[in-house]
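To start, the structure itself, in structure tokens.
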Amino acid sequence: MSMKGNFRQRSKIALQDLELRKSFHGAMDFLQEKRRTAFSELPLEDLRQHGADIRRSVLKRLPELLEELETQCTNNGIQVHWAETAEEACELVANIAKDNEVKNVVKGKSMVSEEIQLNTYLASRGIECLESDMGEYIVQLEGGHPSHIIMPAIHKSKEGIADLFSAKLSIDTSSASVDDLIGIGRKVLREKFRNADMGVSGVNFAIADSGALCLVENEGNGRMSTTAPPIHVALMGIEKVLPSFNELPSMLSLLTRSATGQIITTYLNVIGGPRRPDDRDGPDQVHLVLIDNGRSTMHNDPDLQETLACIRCGACMNHCPVYRRIGGHAYGTTYPGPIGQVVMPQIEGMEKHGPLLDACSLNGACGEACPVKIELPGLIRRLRQRRHIPKIQTLIWRIWAWTYQKPWRHRYFSRLIAVFGRMPYPKPKAWSKTRTFPSPAKNSFSELLKERRNEKH
Amino acid sequence: MKNTDLARQAILARLRKTQHAAANPESDAQSTFSQAISTPASENDTERFIELLTNNHAEVIQCSQSKFSERLDEVLLRQPISKLMCSAHADLMKLLDKRALKTPFQLVDENYCQNEMFDNYQSSLCFADAGVSELGCLLVKSSPEQPRGLSLIPELNILVVLESSIYPSLSALLGSSHWPSNDLPSNLVLISGPSKTADIQQTLAYGAHGPKQLVVFILS
């Protein structure tokens, strides 16, 4: 789908795309069922509360934990850098690349790297940055954008991917199965891993007291990107820290079960530093870039701070009835779905992303699915209140308030609706196309009640 | 360097502002969380361990330590052409009868080369220090004797774990002597199966970027 136009326009297009809707319905059903099954053997509510407590406690102690993380990472030989903005973060990575004459980079899945638009920045500096996660690789090959934070190519069919490989890689994929296509991706990307000058990854959890970086994955591309090239740069939002390994079992359980319905991912990769003098492989340099990009401002805001509790599992969008119908591209943002509605206006401004807040029926499914109990509907409501409200909307509410402040005005207005509402008049097409518009009753409830009371006496 | 220091100061200053503004600032207390919540340990943890690995498409072989080399050879001989890179982990060296192996193998030594692994080795043998039955995963630590790429690059990866080193939960492993609390290696990994992806139409496929096959030996 094209990213042109605004959110409303893209949503309209998405709603008319029956193939897309079918893909997303199927995918969301699949992911919801996997999560349900994965949590069926655990005391889910206790675990969610535990996760919520851990994350809230981390946010309260964030500056100390980050300082401790920096100290321990440095002791382990990891070079720690700090970046206030997306631009600064990109520049830091580009400078590391420049200092080491890096020409090509392989990247493991990292949402924060997409948030800061690292690939575009590096490309402008003449550095190729190749996505190595299968889904991200497919999307990048096509020149498109991911439509889901965990399953980036969820919008693409097997046939679509086969055609893409055939066109871009000049390989015959006429009767290719899913296994064959994965085999093609494996072969192509192996060459890239072994020849890359630098590997970039995200961080799922950084362990403050040990200076360790934890990454979860199923494919092995994260391990490849952080093992094969001589330099590894890990990008991390400043909120992704845990005090110690003791918090890891619960957080891991919540993350993997919420994201893909797995008890654990194929690999939990724990990076304790660059290669030691007697190690036979591993990168010579490991860099950790701590990225702010609006997070410390979120942290300062007591009404919105819990945005930072997010562990980027994707459960909220998997359960969102709006996301299910319009898919990820319609949002046009790095983070779509409920978490996107909350995070994007805070990172890139209300003016740019305020309209996303309209795409919510406040059904609460996201808040119930969130493994760390972020009150997403509450955050959406609070952000809505901060939006610029059009004058006409304020006027309508003022009229309503005036009408309903006095009983006689309320009764008179209800009478008007009862009389005129039953007459034919132009009804909103969007509503009346598939629904019968309700008719107001002849008498209001209070009138009926009064009548009955009079009858009794 | 200058920019990152300035950024650091600014970020920490903003974060501290929140703490000063908070009504009840949290003291520097230790974590007061209760033990991590996990599935109750089943009667036979090894059974659960095997079940989870098997569900994840790993092949699990249980045998005694004395039979290990023989059974290993059977697995290796099933492969079409297999050159094996064998970890030189001290515990593995005690278990492996090198003379019994018919498949050509190479022990990790100073000639170990990452490119060689990509080009010439189809299988590898590593020692897993421990396992976790609740998760069906194995702890593989990197070291000079057991490089990171060993359990990552070849198509077939064979892991060996002692049954007595299988813990019921990740929390139990973290509290044990098998977890390197004070001496974290440059890399360790918990492995629960062969590499996989469901990125194409949510259809599971194995051998994405890591090993396509995982064989786990549990030795009693």
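Ranking of A:TRP397, A:TRP408 by neighbouring Cβ atoms within 10 Å, starting from the fewest: A:TRP408, A:TRP397.
Helix B:45-55: angle to the longest alpha-carbon principal axis of chain B, degrees 0 to 90, nearest 10? On a 0 to 90 degree scale, this one is about 80. How many percent of DSSP beta bridges within the protein assembly as shown run antiparallel, rounded to 5? Antiparallel bridges make up about 30 percent of those DSSP assigns within the protein assembly as shown. If R₀ is 30 angstrom, what is the calculated FRET efficiency for the pair A:TYR425 and A:LYS352, using the beta carbon separation as r and rounding to 0.05? Calculated transfer efficiency: 0.20. Here segment A:346-377 and segment A:131-193 have alpha carbon centers that stand 31 Å from each other.
Protection proxy ranking of B:10-17, A:302-309, B:179-186, A:237-244, by the mean of other Cβ atoms within 10 Å over each peptide's residues and highest first, is A:237-244, A:302-309, B:10-17, B:179-186.
Sorted largest first, the spans of the alpha carbon positions of segment A:23-69 along the three principal axes are 44, 27, 14 Å. Think of each Lys and Arg Cβ as +1 and each Asp and Glu Cβ as -1; about the Cα centre, that makes the dipole of the protein assembly as shown roughly 4640 debye. Can you tell me what percent of all Cα-Cα pairs in the protein assembly as shown are more than 46 Å apart? Result for the distance tail: 23 percent. Here the peptides A:350-361, B:209-220, B:109-120, A:135-146 are ranked by packing, the mean other Cβ count within 10 Å, and the order with the highest first is B:209-220, A:135-146, A:350-361, B:109-120. Candidate cross-link partners of A:LYS442 among the lysines, defined by an alpha-carbon separation under 30 Å and a same-chain spacing of 8 or more, comprise A:LYS406, A:LYS427, A:LYS429, A:LYS433, A:LYS450, A:LYS456. When the charge dipole of segment A:1-96 is built from unit charges on Cβ atoms (+1 for Lys and Arg, -1 for Asp and Glu) and taken about the Cα centre, the candidate among A:GLY5, A:ASN76, A:PRO43 whose Cα reaches farthest toward its positive end is A:GLY5. Close amide H pairs (under 5 Å, H built 1.01 Å from N) link A:VAL80 with A:LEU288, residues at least 5 positions away or on another chain. Annotation for B:SER176 and A:ASP284: the two label points, set 7 Å from Cα along the Cα-Cβ direction, are 3.8 nm apart.
Scaled to the globular estimate 2.2 N^0.38 Å, the Cα spread of segment B:100-208, given as radius of gyration, is 1.18. Between the helical axis of A:445-456 and the longest alpha-carbon principal axis of chain A there is an angle of about 40 degrees. Helical runs assigned H by DSSP (4 residues or longer) give chain B a calculated mean residue ellipticity at 222 nm of -8000 deg cm²/dmol, each run adding -39500 (n - 2.57) before division by the residue total. Put simply, the C-alpha atoms of segment B:50-125 give a gyration tensor, and the ellipsoid matching it has half-axes of 21, 17, 13 Å, longest first. Within the P(r) computed for segment B:137-199, what percentage of the Cα pairs occupies the region above 18 Å? Beyond 18 Å sits 42 percent of the P(r) for segment B:137-199. Per-residue mean of foreign Cβ neighbours for A:256-268 is 6 (Cβ atoms of other chains, 10 Å radius).
Take each residue of peptide A:237-247, count the partner chain Cβ atoms within 10 Å of its Cβ, and average: the result is 3. Pairs over the 23 Å Cα-Cα cut-off, from the set A:LYS187/B:LYS83; A:LYS109/B:LYS17; A:LYS22/A:LYS373; A:LYS34/A:LYS240; A:LYS187/B:LYS141: A:LYS109/B:LYS17; A:LYS22/A:LYS373; A:LYS34/A:LYS240; A:LYS187/B:LYS141. Approximating the spin labels as points 7 Å out from Cα along Cα→Cβ, the A:ASN104-to-A:SER446 distance works out to 7.6 nm. Here is the list for segment A:1-75: trypsin sites (Lys or Arg not before Pro) lying in DSSP coil, each with at most 14 other C-beta atoms within 10 angstrom of its C-beta, are A:LYS4. Based on the Stokes-Einstein relation at 4 °C and a viscosity of 1.567 mPa s, and on the Kirkwood radius from alpha carbon pairs, segment A:211-300 is assigned a translational diffusion coefficient of 88 µm²/s.
Quick one: Debye curve from the C-alpha atoms of segment A:307-457, no solvent, what's log10 I(q)/I(0) at q = 0.09, 0.11, 0.15 Å⁻¹? Normalising to I(0) and taking log10 leaves -0.49, -0.67, -0.93. The Rg/Rh ratio of chain B, with Rg taken over Cα atoms and Rh as the Kirkwood radius over Cα pairs, comes to 1.09.
Across every pair of non-identical alpha carbons in segment A:1-128, the mean reciprocal distance, once inverted, gives a Kirkwood radius of 19.6 Å.
Net charge dipole, segment A:2-85: roughly 700 debye, given to the nearest 20, about the Cα centre with Cβ charges of +1 for Lys and Arg and -1 for Asp and Glu. Assuming charge only on the beta carbon of Lys and Arg (+1) and of Asp and Glu (-1), the dipole of segment A:35-134 about its Cα centre is about 340 debye to the nearest 20.
Taking the Kirkwood radius as Rh and the Cα radius of gyration as Rg, segment A:85-140 has a ratio of Rg/Rh equal to 0.95. Legend: calculated FRET efficiency, A:ARG21 to B:THR103, from the Cβ-Cβ distance at R0 = 56 Å, rounded to 0.05, equals 0.60. The mean of 1/r over all distinct Cα pairs in segment A:274-359, once inverted, gives the Kirkwood hydrodynamic radius of 15.2 Å. Give, as a single signed number, the net charge of other residues whose beta carbon lies under 11 Å from the beta carbon of B:PHE49, with Lys and Arg counted +1 and Asp and Glu -1. Result for the local shell: -4. Placing unit charges on the Cβ atoms of the charged side chains and taking the dipole of segment A:262-393 about its Cα centre, the candidate lying farthest along the positive direction among A:PRO283, A:TYR323, A:ILE374 is A:TYR323. Here the simple spin-label model places points 7 Å from the Cα toward Cβ, and for A:TRP397 and B:LEU6 these points are separated by 4.1 nm. Could you tell me which residue out of A:ILE127, A:LEU164, A:HIS145 lies farthest along the dipole of segment A:90-181 toward its positive end? Charges go on the beta carbon: Lys and Arg +1, Asp and Glu -1, centred on the Cα centre. The Cα lying farthest towards the positive end belongs to A:ILE127.
Where does segment A:140-270 land on the Kirkwood hydrodynamic radius, alpha-carbon pairs, in angstrom? 16.8 Å is the Kirkwood radius here. Helix B:2-21 and the longest principal axis of the C-alpha atoms of chain B enclose an angle of approximately 60°.
Readers should treat all values here as calculations from the given coordinates under stated rules, not as data from a laboratory. All of these numbers come straight from a predicted model, not from anything done at the bench. Positions of Cβ are generated from backbone atoms using ideal geometry, with glycine treated the same way; all protein chains shown enter the neighbour counts.
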